[in-house]
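In what follows, a structure is listed as structure tokens, so that the remarks can point back to it.
The values are calculated or read from the model by the stated rules, or taken from the named source; none is laboratory data. Predicted model only: the values in this text are computed from it and were never measured. Here the Cβ positions follow ideal geometry from the backbone for every residue, glycine too, while neighbour counts run over all protein chains shown. Keep in mind that these areas ignore ligands, DNA and RNA; they rest on the heavy atoms of the full protein, side chains included. Shrake-Rupley method; radii C 1.70, N 1.55, O 1.52, S 1.80 Å.
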Amino acid sequence: MMSHQIVRGMSTACRMSQIKKLVVVGGGQMGAGIAQVSAATGHEVTICDVNEDVLTKSTAAIEKSLQRVASKKFAENPDQGKSFISETMSRIQTSTDPRSCVGDVDLVLEAIVENLKIKQDLFKDLDSIAPAHTIFATNTSSLPVRDIAANTTRKDRFGGVHFFNPVPMMKLVEVVKAYDTSQDTFDALLAWGKALGKTVVSCKDTPGFLVNRLLVPYLLEAVRLYERGDGTKEDIDTAMKLGAGYPMGPFQLLDYVGLDTSKFIIAGWHEMDPTNPLFKPSPLLDRLVAEGKLGMKSGEGFYSYRKY
Ligand code: CAA
Ligand code: NAD
């Protein structure tokens, strides 16, 4: 990796190629997917999470997903598929201590719980030890990027990179330029998104950026429709799949995204703008989360995924 001293003074195009080594904090569904596509495109990645059990699950999920990718991509040549999997896995490290991993990385991207204070505390801590050139980025679904960056000294080297679930399959990445994000940082993040093979769109730092600002009110409106008894969840899902051509119905998608994440998104927006009916929390969603029914990741949400 080139040193930051050499990078300084180079053209923006050269600087953009600098994201080669990264730390992904949070090894849940999003962090694992982001680490996977990064490693599959030649980047060195360390995934950090709170304990070894989560990291074991993350690496198992990545390996399973890579097998699905390889079975299609290398259908004619299974040996190449095996090499693709083993080379990708060899570029992934894991750790329970993000502080020990950020010393020589170009990017720290967080994909931890959708909670402002927890994200702020993480970046404040890492800001004190990460090298000056290291860019920080958040995969937040709904929180203002500038607020997440607020307690760091590198607001110019801080941006949003919003991926979609499942990361290996979804082709879009939203790259967010917050008020203080420098053009160099923004360009580097755009280039990184493209290097992962994604189509990138530029977004301002507005609630939910582009996709979630449209998608989340739709998902919550489906829950309200169901709460009012206007349709069963199965019929609403079928209606949106067959009548609107969506790959999943809203209840399937809520379970896929995670009901906790969905609740945190709408609760945050409601607090920000309590009079907006689109941001009204759903009692049913809140109850399911309180019962620990978080969707596919916990085995039950609107639907059950347990194998009896
Ligand atoms: N890894 C690798 N490959 C995967 C995969 C994964 N995690 N998930 C699915 N695939 C592949 C499978 O291998 C399969 O390929 P083949 O059958 O041809 O071998 C193909 O994708 C289709 O998968 P499935 O048959 O299991 O199911 P599907 O046809 O319904 O596709 C899906 C799955 C891609 C998830 C599709 O249902 C879909 O696009 N759903 C909508 C997802 C969506 O809207 N995501 C955005 C959520 S919002 C968000 O992410 C932002 C936020 O902040 C909350
Ligand atoms: P998840 O619950 O699957 O994973 C979160 C992970 O973060 C967990 O493994 C947890 O142990 C870990 N974690 C929590 N606090 C931590 C800390 N302080 N340090 C290290 N690890 C910590 O959640 P997810 O669905 O992967 O979502 C993660 C982030 O990505 C959220 O901000 C969410 O809004 C955003 N996001 C989610 C989706 C989605 O569809 N689920 C899509 C785009 C963006």
Give the aspartates and glutamates whose C-alpha is closer than 20 Å to that of residue 20, dropping any in the same chain fewer than 8 places away, or say none. 44, 87, 104, 106, 110, 127, 156, 174, 184, 187
How many percent of DSSP beta bridges within region 82-218 run antiparallel, rounded to 5? 20
Pairing the Cα long axis of helix 78-90 with the longest principal axis of the chain, what angle in degrees results, from 0 to 90 and rounded to the nearest 10? 70
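Return the subset of 64/263; 117/241; 64/119; 155/280; 72/171; 198/293 for which the Cα-Cα distance in this structure is over 25 Å, preserving the input order.
64/263; 117/241; 64/119; 155/280; 198/293
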With the 1.4 Å probe rolled over protein heavy atoms, the chain has an accessible area per residue in Å² of 48
Cα centroids of region 27-52 and region 169-195: how far apart, whole angstrom? 18
Top to bottom by accessible area (1.4 Å), largest first, where do 240, 169, 296 land? 169, 296, 240
Run down the aspartates and glutamates and flag those whose C-alpha is under 15 Å from the C-alpha of residue 82, throwing out any fewer than 8 positions away in its chain. 63
Based on DSSP, what percent of beta bridges with both residues in the chain are antiparallel, to the nearest 5? 15
Which residues does a label at residue 132 reach in region 179-204, if reach means a backbone N under 17 Å from a point 7 Å past the Cα toward the Cβ? 182, 184-185
Which order, highest average first, do 25-32, 190-197, 210-217 follow once you tally other Cβ atoms within 10 Å for each residue and take the mean per peptide? 25-32, 190-197, 210-217
Percent of accessible area on the chain owned by carbon and sulfur, 1.4 Å probe? 56
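Give the range of the longest stretch in the chain that excludes all GluC sites (Glu not before Pro) found in loop regions by DSSP and having at most 12 other beta-carbon atoms within 10 Å.
Here the longest segment lacking exposed loop sites spans 77-290.
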Relative contact order for the chain: what percent, with Cα pairs under 8 Å and sequence separation of 6 or more? 14
Region 278-308: trypsin sites (Lys or Arg not before Pro) in DSSP coil with no more than 16 other Cβ atoms inside 10 Å: 306, 307
